[in-house]
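Worksheet: the structure to be examined is printed underneath.
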Amino acid sequence: MAGEPIAEFSDYATLLAALRTAREHRQMSMATLDELAFLPDRLSSKILGPNPSRGLTLEMLPRFLFGLGVKVQLVDDPQAHDAIKNAKPARPEMARPARIYFTHTDRRWSKIRKKGPAVRWAGKTDAEKSKHGKMMARARWRRRDASVPVVRAEM
């Protein structure tokens, strides 16, 4: 059987306020909450204190709920439901960006580089592989010849 509601929340700031209210309702100190929730010393004061220096993560939320002896219950909000129902549907072109940008890290580039030879040679005949190899060898020799000046001694 559910007990009486202590507080309600709909965003992060009100969630923290609800946890503070539950702690005060239980007349529990921060140190006691740390012990009951199996948290490191002074962590609850860093999260629930007046000037929080840490944020509440999803991994810590169940510990706080257990330590406070409370649970979360989702309840239908008629005002929010009406606002969503009466809202205009999103335009399809707004659903995704026109371009998707990737950030390639050094690790990702090394994986891409390792795949290069396998992709380059896949499905090529031996004659095509030979032609490509000769072309690459000529390019290497041209590069080497251009970077080193040739000094010819005359006798």
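Within the set of pairs 6+ apart or on separate chains, which have a first residue in the stretch 57-86 that is within 15 Å of residue 10 (Cα to Cα), a second that is among the acidic types (Asp, Glu) and outside any helix (DSSP H, G or I), and C-beta atoms under 9 Å apart?
75/8
Answer yes or no: is there a residue in the stretch 134-149 that is under 41 Å from the mean Cα position of the chain (by Cα) and at pLDDT 80 or above.
no
Quick check on the stretch 89-103. Is at least one of its residues of a type in the set (Val, Ile, Thr), at pLDDT 80 or above and assigned to a loop (DSSP other than H, G, I, E, B)?
Checked the stretch 89-103: no residue is of a type in the set (Val, Ile, Thr), at pLDDT 80 or above and assigned to a loop (DSSP other than H, G, I, E, B).
Looking at residue 22, is it touching a helix residue (DSSP H, G or I) at 6+ places or on another chain (Cβ under 8 Å), among the hydrophobic types (A, V, I, L, M, F, W, C) and modelled with pLDDT under 90?
It is false that residue 22 is touching a helix residue (DSSP H, G or I) at 6+ places or on another chain (Cβ under 8 Å), among the hydrophobic types (A, V, I, L, M, F, W, C) and modelled with pLDDT under 90.
Within the stretch 55-88, restricting attention to residues that are among the basic types (Lys, Arg) and over 30 Å from residue 40 (Cβ atoms), which residue is modelled with the lowest pLDDT? Don't jump to the end; show me each part of the working.
Let us first name the residues in the stretch 55-88 that are among the basic types (Lys, Arg), namely 63, 71, 85, 88.
Keeping just the survivors that are over 30 Å from residue 40 (Cβ atoms) gives 85, 88.
Values: 85: 78, 88: 69.
The selected residue is 88.
Which residue out of 29, 53 is polar (S, T, N, Q), exposed (fewer than 14 other Cβ atoms within 10 Å of the Cβ) and under 23 Å from residue 4 (Cα atoms)?
29
Residue 124: surrounded by 11 or more Cβ atoms within 10 Å (Cβ to Cβ), at pLDDT below 90, in a loop (DSSP other than H, G, I, E, B) and not assigned by TED's automatic domain parsing to the domain that holds residue 26, yes or no?
yes
Kindly evaluate residue 34 against the criterion of being loosely packed, with under 14 Cβ neighbours inside 10 Å, at pLDDT 90 or above and at negative phi.
For residue 34, the condition - loosely packed, with under 14 Cβ neighbours inside 10 Å, at pLDDT 90 or above and at negative phi - is not met.
Residues in the stretch 33-40: is at least one closer than 16 Å to residue 62 by Cα, touching a Ser or Thr at 6+ places or on another chain (Cβ under 8 Å) and either in contact (Cβ under 8 Å) with a residue 60 or more places away in the chain or not in a helix (DSSP H, G or I) (or both)?
Yes: the stretch 33-40 contains one or more residues that are closer than 16 Å to residue 62 by Cα, touching a Ser or Thr at 6+ places or on another chain (Cβ under 8 Å) and either in contact (Cβ under 8 Å) with a residue 60 or more places away in the chain or not in a helix (DSSP H, G or I) (or both).
May I ask you to list pairs of residues, at least six apart or on different chains, whose Cβ atoms are under 9 Å apart, with the first in the stretch 107-119 being in the same structural domain as residue 129 (by TED's automatic domain parsing) and the second being of a type outside the set (A, V, I, L, M, F, W, C)?
Pairs found: 112/104.
The values are calculated or read from the model by the stated rules, or taken from the named source; none is laboratory data. Quick caveat, the model's predicted, so the values are computed rather than measured. Note: ideal-geometry Cβ built from the backbone for every residue, glycine included; neighbour counts use all protein chains shown.
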